[in-house]
1. Check off (1) touching a Pro at 6+ places or on another chain (Cβ under 6 Å); (2) crowded, with 21+ Cβ neighbours inside 10 Å; (3) not basic (Lys, Arg) for Glu152 and give me the number that stays unchecked.
2. Check segment 57-65 and report whether any residue there is out of contact with any Lys or Arg (no Cβ under 8 Å at 6 or more places or on another chain), in a strand (DSSP E or B), over 20 Å from Gly218 (Cα atoms) and not acidic (Asp, Glu).
3. Residues that are closer than 25 Å to Ala331 by Cβ and modelled with pLDDT of 95 or more: does segment 86-93 have at least one?
4. Could you grab me the full set of residues in segment 312-322 that are touching a helix residue (DSSP H, G or I) at 6+ places or on another chain (Cβ under 9 Å), assigned to a loop (DSSP other than H, G, I, E, B) and surrounded by 20 or more Cβ atoms within 10 Å (Cβ to Cβ)?
5. Give the residues of segment 308-325 that are touching a residue at least 60 places away in the same chain (Cβ under 8 Å) and within 11 Å of the ligand (Cβ to nearest atom), sorted by residue number.
6. Inside segment 326-346, can you point out the residues that are within 15 Å of Tyr263 (Cα to Cα), more than 11 Å from the ligand (Cβ to nearest atom) and without any contact (Cβ under 8 Å) to a residue 40 or more places away in the chain?
7. Could you list, in sequence order, all residues of segment 87-108 that are crowded, with 23+ Cβ neighbours inside 10 Å and either within 15 Å of the chain's Cα centre (by Cα) or over 25 Å from Gly342 (Cβ atoms) (or both)?
8. State the number of residues belonging to segment 237-288 that are surrounded by fewer than 24 Cβ atoms within 10 Å (Cβ to Cβ), more than 16 Å from the ligand (Cβ to nearest atom) and among the hydrophobic types (A, V, I, L, M, F, W, C).
Amino acid sequence: MTSTSTSPPAAAGSPRQDAAPLLAVHDVTKTFPGKRGRTAPVRAVDGVRFEVAAGETLGLVGESGCGKTTTGRMIVRLLEPTSGSITFGGRDISHLGPRELRPLRRHLQMVFQDPYSSLNPRQTVARIISDPLLVQGSSAADARCRAAELMELVGLIPEHLDRYPHEFSGGQAQRIGIARALATRPRLIIADEPVSALDVSVQAQIVNLMERLRNELGLAYLFIAHDLSVVKRVCDRVAVMYLGRIVEIGPKHQVYTAPAHPYTRALLSAVPLPDPVAERTRERITLLGEPSPSSQLRSSRGDPGRPAAPPPGCTFHPRCPKAQARCRTEAPVLTDTVPATGRRVACHFPEPA
Ligand code: SF4
């Protein structure tokens with residue numbers, strides 16, 4: 001987006017919290033219509049609000065279906081928000097048309113979960129990486145030259161540019177996806193579960209690569225994931241989503257060491273610990289409605305909830321071990337718990353932060 005390109009880049013690897021946010025998502029909702037009147041509309045995202053600074057990585061975590069991918073897709077405008085605003089580099093991009101979006105795409109790119117399905121199997125890697133540059137008006141020779149540079153940057157061999165995606169391993173294919181995202185020198189990358197389709201050994205390599213690129217290029221990431229150990233490794237701040245809403249957001253060390261929302265506490269209690277003794281003796285918080293690790297019995301009170309028919313009051317109350325009468329009728333608002341730190345929690349009875 002040309003209007004943003006005059007901003008100086010962030011210092012490599014250091015979030016610019018002092019400056020205006022690079023990305024501001026404000027009360028954004030997304031409602032999908034029901035099927036021909038037979039099913040109710042689905043509010044997949046319900047009033048989400050967060051910011052990402054230049055050079056910062058914000059983790060967006062939650063269970064499958066909580067609305068985190070829909071949020072990412074609205075930011076890159078693969079989906080249009082139903083309401084609310086998305087501001088990038090100081091410009092409201094929520095409802096821009098295709099022509100106005102084209103220059104924006106240079107600065108705002110996406111890395112997808114499944115590297116193979118996101119790469120055209122009939123195109124060479126050279127074509128795949130060059131495509132965003134050709135769309136932006138680069139010559140074929142310049143685009144190929146840049147594609148070779150990018151192959152090297154992401155740890156691949158430039159001589160393999162004329163190969164096809166199926167000739168690469170899953171980890172290598174994801175490196176190609178990252179190279180394509182970097183082609184236009186973006187300022188923000190939406191990484192949607194970028195390692196969850198990869199083997200554990202390869203996950204670490206891709207996470208290392210993304211960290212290195214962030215430090216070298218001053219990139220910002222919105223890192224969407226369900227694996228809290230990966231998020232802990234790469235993020236400066238973390239936002240936890242449940243049924244379309246953010247229930248807790250704050251600096252990573254605060255959220256991980258003193259989670260205030262019962263849902264965050266339950267998610268973190270399920271993260272495996274590296275020490276086998278500590279892992280055996282730790283207390284796992286079991287949400288109502290999910291199998292207990294000891295009994296494998298399902299509680300009759302619990303219900304994971306559906307975006308098409310969210311429970312009244314706090315949408316988490318059917319699963320919450322701390323729920324009280326007020327929670328069944330009154331929805332909690334995302335509120336500052338530690339002023340000036342950006343720590344916010346949506347719960348009537350949060351743990352001390
Ligand atoms: Fe649990 Fe009530 Fe807090 Fe919701 S508001 S998370 S039900 S304690």
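1. Checking Glu152 against (1) touching a Pro at 6+ places or on another chain (Cβ under 6 Å); (2) crowded, with 21+ Cβ neighbours inside 10 Å; (3) not basic (Lys, Arg), the one that fails is (2).
2. No: segment 57-65 contains no residue that is out of contact with any Lys or Arg (no Cβ under 8 Å at 6 or more places or on another chain), in a strand (DSSP E or B), over 20 Å from Gly218 (Cα atoms) and not acidic (Asp, Glu).
3. Quick first cut of segment 86-93, residues closer than 25 Å to Ala331 by Cβ only: 86.
The next check asks that each one be modelled with pLDDT of 95 or more; those that pass are 86.
Checked segment 86-93: at least one residue is closer than 25 Å to Ala331 by Cβ and modelled with pLDDT of 95 or more.
4. Cys314, Phe316, Cys320
5. Quick first cut of segment 308-325, residues touching a residue at least 60 places away in the same chain (Cβ under 8 Å) only: 308-310, 315-316, 322.
Correct list: Thr315, Phe316, Lys322.
6. Hits for segment 326-346: nothing passes.
7. The answer is Leu108, and nothing else.
8. 5
The values are calculated or read from the model by the stated rules, or taken from the named source; none is laboratory data. Note that the coordinates shown come from a computational prediction; the quantities given were computed from them, not determined experimentally. So basically every Cβ, Gly included, is an ideal-geometry build from the backbone, and we count neighbours across all protein chains shown.
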